[in-house]
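Each value in this text was obtained by applying a stated rule to the coordinates, not by laboratory testing. Quick caveat: nothing in here was measured; it's all calculated off a predicted structure. A quick note on method: Cβ atoms are made from the backbone with ideal geometry, for glycine too, and the neighbour counts reach across all protein chains shown.
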Amino acid sequence: MVGMTTTRHFTVHHDGVTIPVSRGGRGRPLVLCPGLNSTRADLRELIELLRRDHEVVTFDLRGHGLASAADRYSFDAFRSDLFAVLAEPGRLGLSSPPVLVGYSLGADLAVHYASERPEAVAGLVLIDGANPLPEPFITDADLPEFRAMAEDPAMWRELGRARGTARQVLLSPQDILDLQLEMDVVRAGILDRYRKIDRPIHMIMSAAIAGGSTEGRVPRHNRLWRAGIDRLVRERPDTSATWLDTGHRLVFTHAREIAEIIRRHPADGPPPWAT
């Protein structure tokens with residue numbers, strides 16, 4: 001039972017930042033990488049559900065949760081956080097290569113890690129990220145809307161209330177917008193990363209990443225999100241996907257469904273789900 005297991009904590013120091021890591025549960029090893037603006041505390045429900053069947057290692061990215069602030073918040077900087085955590089095999093104490101689970105930005109980080117260390121992972125579950133989009137998600141026409149979202153006063157009031165807690169986010173609105181723009185560049189080349197991975201991959205994707213409206217730019221973004229996964233499956237027919245009828249906050253709104261999908265994810269061999 002989950003309540004009978006012990007959660008262990010340690011920190012990883014690298015690149016001038018301190019990354020807090022936790023490990024708990026029992027079963028097949030799993031490493032969970034959060035995404036932009038999400039912390040271990042935010043993902044608590046999903047983590048506790050996963051610990052029923054897995055020994056779960058998770059951590060906070062720089063500038064998130066209990067991790068320290070940093071001078072830079074680029075994709076490569078976040079990528080280095082994941083690599084630094086996984087470079088601690090003795091402290092992780094995992095009995096075998098883990099299933100690597102990433103949410104949003106964390107999914108892209110997981111693909112980059114697996115493309116360079118395919119022997120070090122048993123498989124990938126990628127939640128609403130790492131999408132090989134056929135064209136940029138943020139065009140010049142979209143930029144004002146994305147800038148407004150990054151500067152949303154309501155969001156920053158909420159983040160302000162979380163300051164000093166395990167849910168804090170230390171990035172600025174400009175940091176977030178810059179990273180969103182950088183992710184379009186990263187995803188333009190991520191298909192090459194997928195070609196280097198010979199492990200099972202299952203995608204868990206939101207059908208309405210941009211919302212449910214039929215007006216404005218929303219339909220384009222939702223179509224583009226699905227087109228990227230269709231492109232991936234054509235390139236890698238052994239990749240499978242589950243689409244949930246919700247938005248990008250699916251890890252919070254559909255934690256139980258996601259945990260069940262991950263529970264059934266195979267550690268080796270082709271994934272059993274139909275796309």
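Within segment 26-35, one or more residues are free of Cβ contacts under 8 Å to residues at least 60 places away in the same chain and either farther than 24 Å from GLU158 by Cβ or not in a helix (DSSP H, G or I) (or both).
Residues in segment 124-158 that are out of contact with any His (no Cβ under 6 Å at 6 or more places or on another chain) and in contact (Cβ under 8 Å) with a residue 12 or more places away in the chain: 21 in all.
Within segment 117-156, the set of residues being under 20 Å from ARG79 (Cβ atoms) and either of a type in the set (Ser, Thr, Tyr) or out of contact with any strand residue (DSSP E or B) (no Cβ under 9 Å at 6 or more places or on another chain) (or both) comprises ARG117, PRO118, GLU119, PRO132, LEU133, PHE137. From the list ASP53, ASP60, ASP76, ASP15, the lone residue that is charged (D, E, K, R) and buried (at least 21 other Cβ atoms within 10 Å of the Cβ) is ASP60. For segment 148-202, the tally of residues that are surrounded by 13 or more Cβ atoms within 10 Å (Cβ to Cβ) and more than 29 Å from ARG226 (Cβ to Cβ) stands at 8. Put simply, of ARG187, ARG199 the only residue that is under 26 Å from HIS54 (Cα atoms), basic (Lys, Arg) and either touching a residue at least 24 places away in the same chain (Cβ under 8 Å) or part of a loop (DSSP other than H, G, I, E, B) (or both) is ARG199. Only one of the listed residues (ALA154, ALA141) is out of contact with any helix residue (DSSP H, G or I) (no Cβ under 6 Å at 6 or more places or on another chain), aliphatic (A, V, I, L, M) and not in a helix (DSSP H, G or I). That residue is ALA141.
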